[in-house]
Structures are given as C-alpha cells and as structure tokens.
1. Just one of 539, 589 is part of a loop (DSSP other than H, G, I, E, B) and either closer than 30 Å to residue 252 by Cβ or not assigned by TED's automatic domain parsing to the domain that holds residue 358 (or both); which is it?
2. Taking residue 521, is it in a strand (DSSP E or B), in contact with a helix residue (DSSP H, G or I) (Cβ under 8 Å, 6 or more places away or on another chain) and within 30 Å of residue 80 (Cβ to Cβ)?
3. Find the residue count for the range 154-200, including only residues that are touching a strand residue (DSSP E or B) at 6+ places or on another chain (Cβ under 8 Å), assigned to a loop (DSSP other than H, G, I, E, B) and modelled with pLDDT of 90 or more.
4. Which of (1) out of contact with any helix residue (DSSP H, G or I) (no Cβ under 9 Å at 6 or more places or on another chain); (2) part of a helix (DSSP H, G or I) does residue 555 not meet, given it meets every other one?
5. Can you find even one residue in the range 534-544 that is surrounded by 17 or more Cβ atoms within 10 Å (Cβ to Cβ), within 21 Å of residue 472 (Cβ to Cβ) and modelled with pLDDT of 95 or more?
6. Which is in the same structural domain as residue 307 (by TED's automatic domain parsing) and closer than 19 Å to residue 291 by Cα, of 253, 236?
7. What about residue 597, is it surrounded by 14 or more Cβ atoms within 10 Å (Cβ to Cβ) and not assigned by TED's automatic domain parsing to the domain that holds residue 480?
C-alpha cells in the first residue's frame with residue numbers, strides 16, 4: 001500500500017530541487033491514490049514480461065506512483081521525472097550512495113549464491129560485495145531499516161546499503177536469476193553431450209534431437225534475451241559460437257556490444273529454439289537459412305528477421321529487429337535541415353520521375369524509403385513496393401517479395417507491376433542493367449519511382465546508372481534527385497555537457513574561418529539513459545542533390561562525377577562532411593562520429 005506521508009516527503013525533495021513545482025506536487029497528491037490501481041496493473045504486467053512470470057505479490061512504491069505522472073523536469077525540460085531521477089534525489093537527501101547497476105560489471109556467482117531468486121525479488125536486493133565482516137547490497141529501498149536488520153540477522157554481518165532504481169534492480173535480478181540461471185540449468189541438461197563444435201560434419205550427424213529448443217530453461221533464456229534486446233534499443237542480435245563458449249553481441253546505435261557469454265553446450269539449443277520460432281529446419285546446420293517471426297513488446301508488434309550461417313565452430317545466427325517506431329518515422333524526424341527537407345518533399349510528392357537514395361549498408365536507406373512512402377501514402381494513391389526481402393509488412397503499401405528462384409526479379413517484376421495501375425513504385429535496389437532500364441522506363445511513363453543504388457555520394461549515382469547502360473538523354477529526363485546518407489550517433493541529451501573543439505579536430509574537419517576561435521560543442525559524459533556511452537539514438541547526415549536544368553545538361557553530356565558535384569555545390573548542396581559539421585555545431589553529434597563516417601574529400 002502506498003504511504004501518503006512518504007509520498008509527501010519525496011515530493012518535497014523534488015520541489016526543493018526545482019524538478020517540479022508546487023502545483024504539480026498538489027496534483028500528484030490529489031490524484032495519486034486514484035491512479036495507483038491502474039499503475040499497479042501496468043507494473044504487474046511489466047514484471048511478468050521482464051521476469052517471465054510473476055512469482056510474488058507486486059507492491060507499488062511511492063517512487064513508481066510519482067514517476068507514473070510523467071511530468072517533464074523543470075531543470076532539464078527534455079527529460080522526464082522518471083524512477084531513476086526520483087530514486088537518485090531521495091537517496092541523496094537521505095545520505096545514501098546511489099548506483100546504476102550494469103550487468104556487465106557484476107559478479108554472477110556472488111549474486112546468485114548469496115540470495116535465492118524469490119528472496120531477491122521479494123526484497124529487491126542485489127549483492128555487490130561480500131566480505132567476512134560486511135556485505136554491500138544495492139536496494140530499491142535502502143532506507144528500510146527493518147529489512148536491513150533482518151538481513152543482518154540472517155547473514156550474521158553488517159549490511160552496507162546503496163540505493164538503485166527499482167526497475168534497474170528488477171532487470172538485474174531477471175538477468176542473473178533468470179537468463180543466466182536458465183543457462184546453468186540448460187548446461188546441466190546438455191552437459192553430458194560433449195562434442196567438437198568445430199566439426200561441422202559431426203554437427204550434422206548429431207541432428208536436432210540432442211538439442212531440444214522446447215526445454216523450459218532454453219525457452220526462458222530466449223525470452224530473457226529478446227526482452228533485454230528490445231528494452232535496450234537493439235537493432236541486431238549476434239549469437240556466435242567460439243572454440244570454448246558462445247557469445248552474444250548486440251548492436252545499439254550502430255555499435256556492437258558484447259552482452260553475454262553462454263556455455264558451449266547450450267548454443268545449439270538456443271539456435272534451435274530461435275529456428276523453431278522462425279519455422280526453419282532445425283536439423284539443417286550446414287546450409288545458410290533465412291526466416292522471420294513476430295513478437296509483442298509493450299503492446300506493439302515487432303518483427304525479427306533471422307539469418308543463420310555455418311562457421312568454423314558451429315552455426316552463427318543474426319536476428320535483425322524491425323521496430324515499426326524506428327523503421328517508419330515522420331520525415332521531419334530523420335535529421336533533415338529545412339532546405340534539404342523541403343527538397344525531399346518536392347521530390348517525393350512529384351507525380352512522375354525517379355528519386356534515388358544511396359549509401360552503404362546500415363546507413364538508414366530503408367528507413368528513409370519507408371518514411372517517404374508513409375508520408376505520401378493515402379487512399380487515393382496506389383503504392384507498390386518490390387523488396388528482397390520485405391523488411392516490414394505495412395498495410396498502406398502493396399508489397400511484393402522478390403523470388404529469383406522462380407524468375408521473379410526486380411527487372412521482371414517491374415513489368416508486371418506497371419500493369420497494376422501504380423502511382424508510386426518503390427524498388428528495393430537497382431542491381432543490374434535490366435532493373436536500371438525498367439526503372440527508367442517506369443519513371444518515363446507517368447509513375448514516381450523511388451529506389452536505392454550502391455554509391456558513396458549523391459553525384460556518383462548518375463555515373464553508376466550510366467555504367468548500367470541507361471542512355472544519358474533518358475536519365476536526364478526522369479531523375480528528380482539523389483539523396484546520399486549516413487547515420488551518426490546523437491549526443492545523449494541527458495548527460496550532455498559543453499566542450500570545445502580541439503585544434504586537431506578543427507584541422508581534421510577542415511572548418512573554414514576557424515583559426516583562433518573557440519568552437520563550442522556538446523559531448524555526453526555517460527549516464528544510465530545511454531548505458532554510459534555518451535550517445536543516445538542516431539540521426540542522419542544527408543547530401544541532397546536536386547537535378548536542375550544545368551545538371552540535366554551535364555548528365556546529357558556524360559559529365560564526370562566531379563563536374564556534376566561541383567554544379568550541385570554551386571546550387572547550395574551540402575556535402576556529407578559539411579552536413580556533419582553543422583550537426584556538430586548544433587550539439588547533435590561529435591567530431592569523432594562525423595570523421596568516422598564521412599570522407600575527407602566530401603567537402604568543398
């Protein structure tokens with residue numbers, strides 16, 4: 001039961017710190033008890049998702065109830081008054097150290113050996129250190145003296161409490177008493193089935209019967225793995241067999257992080273479970289396979305695409321997560337500056353013509369394509385997409401998956417699609433002469449065609465199309481523009497601090513008129529929101545080249561990439577490097593990100 005006196009005490013701390021004002025304090029006190037029942041139901045569902053099941057009665061805390069109002073902080077307007085914020089303030093006011101628990105820095109055996117899972121869940125405690133005379137515990141309520149004294153009697157030593165957010169404590173308990181305990185149980189089950197994972201023929205002979213992916217510990221382990229990935233904005237999960245173990249790496253904001261180590265004998269069972277969910281052949285381990293499945297996360301449907309490949313030590317699996325909230329966004333939120341946004345809108349709202357999006361794998365082309373289609377889609381427009389494979393099913397589009405084995409390729413499918421009365425056609429990628437020719441023909445016959453092609457910069461797309469056999473006079477008449485892009489990590493707004501560009505960065509970026517000036521930027525110092533990386537989320541760098549009459553003339557004359565680029569720069573186009581410099585100046589990203597993802601020649 002929520003204690004109103006405690007809630008008043010915590011709210012006073014927040015008002016004194018300037019995080020909320022007195023009007024918000026009164027609102028919480030007036031509506032708190034009425035709202036507590038609904039919040040409790042939400043929290044119970046969240047714990048069931050996090051823990052796999054709810055083994056104990058869930059008690060709603062005063063901090064959780066206050067956080068449920070989701071007020072914006074007065075001192076940091078871009079941040080919400082969440083559980084972490086309130087827990088930190090209360091701990092500081094009570095003179096108790098506050099910690100952010102990082103599973104990668106904790107001792108698994110210490111946590112699981114000192115307290116059992118149910119006890120840890122009931123009292124919300126995680127062991128950080130155990131000495132002969134004392135024990136350090138991270139607690140959701142370290143000011144609960146009755147609980148501390150009880151544990152001191154049980155353990156026969158002094159308890160040193162530190163504070164941690166309740167959700168953070170529950171995540172660690174789920175991680176250690178959930179996923180890793182499941183790993184231990186699975187290891188005991190399969191521990192007698194020792195074999196050499198480097199022998200692919202032996203793996204094939206063993207078949208799937210020894211690695212049952214339907215066993216409860218394995219099912220739980222996979223659920224914990226997926227929930228952890230979805231909670232942490234992961235785009236790809238890599239499960240990789242090594243000589244003596246299996247490791248799990250996850251890509252967050254474009255960077256791979258090593259998250260778990262698994263016993264070698266459990267790896268085949270985990271792979272089998274994910275294969276079963278994706279309807280793949282679990283007995284086939286020598287041939288690459290592709291599949292997909294859907295799961296629910298916070299009342300939304302999320303799709304995962306699975307790819308397996310045989311490696312020296314066994315099957316490697318990569319699961320790519322397609323979150324609709326990430327894959328389809330408002331084009332205003334992709335990272336365009338006003339001039340480039342207006343140019344993009346003009347191109348994608350044209351009745352006819354060709355728009356090309358270019359960039360390397362992982363540069364966000366698919367997000368730009370889907371977001372553009374979502375922007376223009378309406379009941380009056382027939383949008384057809386040709387994809388290999390379909391990245392995400394969307395009901396506003398008529399999506400066709402390419403099947404080269406039966407002759408359904410981008411080139412051949414385009415001929416059929418043009419008989420389906422399309423207004424807009426999205427072609428996943430222009431790979432060959434046949435596709436390039438048909439794309440241009442489709443754009444010439446009164447359709448808007450949006451596609452991708454692999455080149456490094458916007459002007460290079462013209463040369464690539466000409467190399468694929470498109471006649472210059474045809475291309476110049478249909479191409480509306482080219483968008484080159486990269487994705488850079490954004491500075492975390494919750495821990496951003498002011499900094500200045502070093503002389504080395506200024507020289508590397510080749511910023512004009514910067515000699516003797518101190519140029520202010522932002523850097524993230526690391527916090528719980530960004531997993532202490534200093535970065536949170538990603539934004540795009542764009543090189544938007546609209547095809548003007550002068551550029552059309554250059555295309556007709558088969559001008560070089562550099563000549564076309566020079567003309568586009570004269571028209572006001574920003575290169576990727578220049579775009580990145582503007583984002584650094586706005587405090588959105590860092591010099592390291594821009595230098596890593598743009599070339600030196602991509603300026604002036």
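1. The conditions single out 589.
2. Details: in a strand (DSSP E or B): yes; in contact with a helix residue (DSSP H, G or I) (Cβ under 8 Å, 6 or more places away or on another chain): yes; within 30 Å of residue 80 (Cβ to Cβ): yes.
So residue 521 fits the description; yes.
3. Counting residues in the range 154-200 that are touching a strand residue (DSSP E or B) at 6+ places or on another chain (Cβ under 8 Å), assigned to a loop (DSSP other than H, G, I, E, B) and modelled with pLDDT of 90 or more gives 2.
4. Status for residue 555: all satisfied but (1).
5. No, the range 534-544 has no match at all.
6. Numbers: 253 fails: closer than 19 Å to residue 291 by Cα.
Going through 253, 236 in turn, just one is in the same structural domain as residue 307 (by TED's automatic domain parsing) and closer than 19 Å to residue 291 by Cα: 236.
7. Values: surrounded by 14 or more Cβ atoms within 10 Å (Cβ to Cβ): yes; not assigned by TED's automatic domain parsing to the domain that holds residue 480: yes.
Judged against the criteria, residue 597 is a match.
A quick yes/no check of all residues on (1) modelled with pLDDT under 90; (2) out of contact with any strand residue (DSSP E or B) (no Cβ under 8 Å at 6 or more places or on another chain); (3) more than 30 Å from residue 179 (Cβ to Cβ); (4) not assigned by TED's automatic domain parsing to the domain that holds residue 220:
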{"residue": "59", "(1), (2), (3), (4)": "yes, yes, no, yes"}
{"residue": "63", "(1), (2), (3), (4)": "no, yes, no, yes"}
{"residue": "71", "(1), (2), (3), (4)": "no, no, yes, yes"}
{"residue": "75", "(1), (2), (3), (4)": "yes, yes, yes, yes"}
{"residue": "79", "(1), (2), (3), (4)": "yes, no, no, yes"}
{"residue": "96", "(1), (2), (3), (4)": "no, no, no, yes"}
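The values are calculated or read from the model by the stated rules, or taken from the named source; none is laboratory data. No experiment lies behind these values; they were computed from the predicted model shown. Reconstructed Cβ throughout: ideal geometry from the backbone, glycine too, with neighbour counts over all protein chains shown.
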